[in-house]
Amino acid sequence: MKRLGINIDHVATIRNARGSFHPDPLTIAKHVTKCGAHSVTIHLREDRRHIKDIDVIKICKDKKIITNLEISLNKKIINIALKNKPNFICIVPEKRKEVTTEGGLNLIKNKKKIKEIISLFNKKNIRTSLFIDPTLKDIKISKELNSSCVELHTGKISNLVKENKNYKNEYLKIKKCSKLGVQLGIEVHAGHGLDYKTTAILSKIKEITEFNIGHFIIGESLTHGLKKTIKAFKKITNK
Ligand code: PXP
């Protein structure tokens, strides 16, 4: 069965718009878990534009929630992650001015640093993942760095599908990377920009075992509610 992780950063964005307490990310993390999400993703950004430190503390403390914390290479953020012990971490690149995570990690430039970070989390039995572009080179480096998992950036294929353009090459790239990842003993996940259509397309790749989806699920829930939306996604991913 493919797992579905739900990114709830947007819940914090709505809360922060009023500088108040509602909607509460912890309440929503509990709710999506009840609705069948396998894990909850939160990204503690260096500029704290959505998830705040207190959200990380509260969500990681609730052991009924499987927490996937996205972190950059920033030392302070890494220390917060080590202290709060989420179930999983996913290392992502971070640029201050980007609206969302624009591309995968630069593994070559940050090799030493990433290897050290992975080793710290592996020692604490926290599952590690690297958010990478779908290239065979990055899959091989992820193996060298001892990451348990990779999350393939699906932003490009998602845009091609939405714009009704030919996505075949990008699909094949993702498929080849997924196969190589599994051959090398790495768990392969996918995320970014996914909606019903792109998730259905990528669900055909049997090596992908987890999807992490945020924006579309939260948006769709405004019409259909989280429960129905999560149920619909689980049906697609496990067809
Ligand atoms: N996976 C990673 C590593 C991300 O950084 C994001 C965006 O925060 C997502 C998945 C979710 O992307 P989206 O909100 O476009 O579904």
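Structure above, values below:
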| quantity | calculated |
| --- | --- |
| Unmet requirement for Thr13, which otherwise passes all of (1) among the β-branched types (Val, Ile, Thr); (2) assigned to a strand (DSSP E or B); (3) open to solvent by 50 Å² or more (accessible area, probe 1.4 Å) | (2) |
| Only one of Lys137, Lys143, Lys162 that is open to solvent by 10 Å² or more (accessible area, probe 1.4 Å), modelled with pLDDT of 95 or more and within 13 Å of the ligand (Cβ to nearest atom) | Lys162 |
| Filtered residues of region 100-123 (kept if closer than 18 Å to Ser148 by Cβ and in contact with an Asp or Glu (Cβ under 9 Å, 6 or more places away or on another chain)) | Gly104, Leu105, Leu107, Lys111, Lys115 |
| Scan of region 186-239 for residues that are open to solvent by 40 Å² or more (accessible area, probe 1.4 Å), under 24 Å from Val92 (Cβ atoms) and in a loop (DSSP other than H, G, I, E, B), ordered by number | His192 |
| Verdict on Thr128 being under 20 Å from Arg45 (Cβ atoms), at pLDDT below 95 and of a type in the set (Val, Ile, Thr) | no |
| Test for Val40: is it within 16 Å of the ligand (Cβ to nearest atom), at pLDDT 95 or above, part of a helix (DSSP H, G or I) and within 28 Å of Lys206 (Cβ to Cβ) | no |
| Some residue of region 40-60 being under 20 Å from Leu120 (Cβ atoms), open to solvent by 10 Å² or more (accessible area, probe 1.4 Å) and among the β-branched types (Val, Ile, Thr) | yes |
| Checklist (1) open to solvent by less than 80 Å² (accessible area, probe 1.4 Å); (2) touching a residue at least 12 places away in the same chain (Cβ under 8 Å) applied to Glu98, failing item | (2) |
| Complete set of residues in region 16-37 that are small (Gly, Ala, Ser) and assigned to a loop (DSSP other than H, G, I, E, B) | Gly19, Ser20, Gly36, Ala37 |
| Top-ranked residue of region 175-219 - restricted to ones that are acidic (Asp, Glu) and within 11 Å of the ligand (Cβ to nearest atom), ranked as nearest to Arg3 (Cα to Cα) | Glu210 |
| Flag for Phe21 being of a type in the set (Phe, Trp, Tyr) and farther than 24 Å from Ser148 by Cβ | yes |
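The values are calculated or read from the model by the stated rules, or taken from the named source; none is laboratory data. Just so it is clear, the structure is predicted and the values come from calculations on it, not from any experiment. Cβ atoms come from the backbone with ideal geometry, glycine included; neighbour counts cover every protein chain shown. Just the protein is used for accessible areas: all its heavy atoms, side chains included, with ligands, DNA and RNA removed. Shrake-Rupley method; radii C 1.70, N 1.55, O 1.52, S 1.80 Å.
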